[in-house]
Structures are given as C-alpha cells and as structure tokens.
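Single-structure report; data block below.
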Amino acid sequence: MRKRFDYDSVQPGETLGQRRIAISDEMIRTCAAAIESSHPWYLSTSPFGGRIAPPTIFDNESLRMLDECYERFGSIHAGQTWRFSNPVRLDSSATIAVVIADKYVKRDRPFLVMDLVAVDDTGATLCRSRHTSLMTLHRGDPA
C-alpha cells in the first residue's frame, strides 16, 4: 500500500525500492523511439559485442519507484545528472536501486533528490543517476 506523500516525513537515506529488469528488444526499441534515435547500436550491433540499450533506458525509474512508495500529485523535473560505466546489453538483466539522497527548500519550494544505481548480474555498475524534482502538492491539498 502506498503512503500519502508528506515532504516533511521523507528522509535522506530512505530506500525507495529495488527491482530487477530484463532488457528486452521491445524495451530497447521503445526507449530508442522515445528519444527519436535509430542509432545502429540500438537496432543491430555495436562495438560492445551485440546490441545495447540507449544509455538513459532507466530514466524514469526514480520517479516510478517514488510513485510505488508514495501517492503524490506530481513534480517538476528540476535536473538530472548521469554517469555511465558500462553498456546495458540486450537480453541481460539489471538491478536498479533508488534512494532519497537529499531534500531541501529553495525559494520556499520543496525539492527532492533521488540517487539511482544500476548494476548487471556480475555486480558491475552500469550507470548512476541523480534526479532532482520540485515536489508539488498531493491532489486535493489546499494551496
């Protein structure tokens, strides 16, 4: 059961979740289409020994895991950084973990910072992401 989002009770260090994701042809094609890329590495072969996924294939996982934990009305994307270490390969699996890294108030607005780490089945890091969102009110809250 999801908890009602309460900015004051969300704390840095809180684990939002972890999941294993199988990297399929459909997943790669959907991501490539979303970023409007027909790069051959995504559709046929690459110098990495087969097809790979676009680097930002896990772009929505931070908010997806936040939404699995909390009922929130919405947020505004304020920033994101990535560090890519290894390619995400077709027919492999990745384990994604998301943690609340920080929260702060700027100009009377609440921000939430989430860190994502993706590793492959050998434990090698695929990528790291830091996602910052301006949090909005829960639906029905007074302004």
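Structure summary
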| quantity | calculated |
| --- | --- |
| The chain - share of DSSP beta bridges that are antiparallel (%, nearest 5) | 95 |
| Full-extension gain in nm, residue 64 to residue 80, via 0.36 nm per residue minus C-alpha separation | 4.2 nm |
| In nm, spacing of pseudo-spin labels at residue 105 and residue 14 (7 Å Cα→C-beta vector) | 1.7 |
| Local electrostatic count, residue 82, Cβ distance below 10 Å [Lys/Arg +1, Asp/Glu -1] | +2 |
| Size descriptor, Kirkwood hydrodynamic radius, that averages inverse alpha-carbon separations across the chain, Å | 16.3 |
| Cβ-placed point charges (K, R +1; D, E -1), dipole of the stretch 58-124 about Cα centre in debye, nearest 20 | 420 |
| Modelled label reach - residue 134, point 7 Å along Cα→Cβ, the stretch 64-78 residues with backbone N closer than 15 Å | 74-78 |
| Local electrostatic count at residue 116 - Lys and Arg +1, Asp and Glu -1, tallied over other residues with Cβ under 15 Å | -2 |
| Within the accessible area of the chain (1.4 Å probe), percent carbon and sulfur | 50 |
| Loop chymotrypsin sites (Phe, Trp or Tyr not before Pro), the stretch 1-101 (other Cβ atoms within 10 Å of the site Cβ: 12 or fewer; DSSP) | 48, 73 |
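The values are calculated or read from the model by the stated rules, or taken from the named source; none is laboratory data. In this text the structure is predicted, and so the values were computed from the model without any measurement. All Cβ positions, even for glycine, are placed from backbone atoms using ideal geometry, and neighbour counts span all protein chains on display. Accessible surface areas use protein heavy atoms only, side chains included; no ligands, DNA or RNA. Shrake-Rupley method; radii C 1.70, N 1.55, O 1.52, S 1.80 Å.
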